[in-house]
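Below is one structure, written out as structure tokens; comments come after it.
The values are calculated or read from the model by the stated rules, or taken from the named source; none is laboratory data. Small disclaimer: the values here were computed from a predicted structure and weren't measured. A quick note on method: Cβ atoms are made from the backbone with ideal geometry, for glycine too, and the neighbour counts reach across all protein chains shown.
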Amino acid sequence: MKTIYAMLGMLALAACQSSPMQAAGAGKGARATLEPRSASSAAGDVSFAERGDRLLVTVKASGLKPNSAHGFHVHEKGDCSAADATSAGGHFNPDGQQHNHPNQPSRHAGDLPNLMSDAQGNANVSFEVGMLTLDSGKYGILDRAVVIHANPDDYASQPAGNSGGRIACGIIKKS
């Protein structure tokens, strides 16, 4: 019985803690507003919050192809002005890392996990990544773009993982 009460207490404590979106606003954080590109209706918000030596990334996106995976990347330039978001440049890749064989994938620093949309075309997810930082240093992502692609990244094809057109783009700004 004590174990059950202890577990309920831990759940109650967890419920009182801030959500990932709130955490992004506290301390060192950044945000990007995703706007449609390539004649899509994809849009949303992305928040970034430091968690020790990792970044918590929280994505709320809509207008995606239902029940589909979509490549999701940090791109080199903080420019989403082109109708197809090509103004954002290539994937952020400060180490010049190549994608490797599909059985042993290797990722660029800007390769984030593919987003999976639900039956309504929404993706609401949080995940942590290493290497990236919220500054303008070598691995810094401030004033760069974050992009959702039409297709999933296979993490193998050169140079962009065969992830297809850029359907949403936002510039990462300090929050």
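Being of a type in the set (S, T, N, Q) and either surrounded by fewer than 17 Cβ atoms within 10 Å (Cβ to Cβ) or under 13 Å from the mean Cα position of the chain (by Cα) (or both) is the filter; apply it to the range 111-121 and report the residue that is modelled with the highest pLDDT.
Restricting attention to the range 111-121, the residues satisfying the condition of being of a type in the set (S, T, N, Q) are 114, 117, 120.
Applying the additional criterion that residues be either surrounded by fewer than 17 Cβ atoms within 10 Å (Cβ to Cβ) or under 13 Å from the mean Cα position of the chain (by Cα) (or both) yields 114, 120.
Numbers: Asn114: 94, Gln120: 98.
Among those residues, the one meeting the criterion is Gln120.
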Close pairs (9 angstrom Cβ cut-off, 6 or more residues apart or separate chains): of a type in the set (Phe, Trp, Tyr) in the range 149-162, modelled with pLDDT of 70 or more anywhere: Tyr155/Asp111; Tyr155/Asn114
Which listed residue, of Val147, Val125, is closer than 18 Å to Ser38 by Cα, modelled with pLDDT of 95 or more and not basic (Lys, Arg): Val147
Filter result for Asn100 (of a type outside the set (Val, Ile, Thr), at pLDDT below 90 and either in contact with a helix residue (DSSP H, G or I) (Cβ under 7 Å, 6 or more places away or on another chain) or surrounded by fewer than 15 Cβ atoms within 10 Å (Cβ to Cβ) (or both)): yes
Odd one out for Ser157, checked against (1) closer than 28 Å to Ala39 by Cβ; (2) surrounded by 14 or more Cβ atoms within 10 Å (Cβ to Cβ); (3) at pLDDT below 90: (2)
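Each row is one residue, and each column tells you yes or no for (1) at pLDDT below 95; (2) out of contact with any Asp or Glu (no Cβ under 8 Å at 6 or more places or on another chain).
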position: Phe48; (1), (2): no, yes
position: Gly52; (1), (2): yes, yes
position: Val59; (1), (2): no, no
position: Leu64; (1), (2): no, yes
position: Gly78; (1), (2): no, no
position: Ser81; (1), (2): no, yes
position: Thr86; (1), (2): no, yes
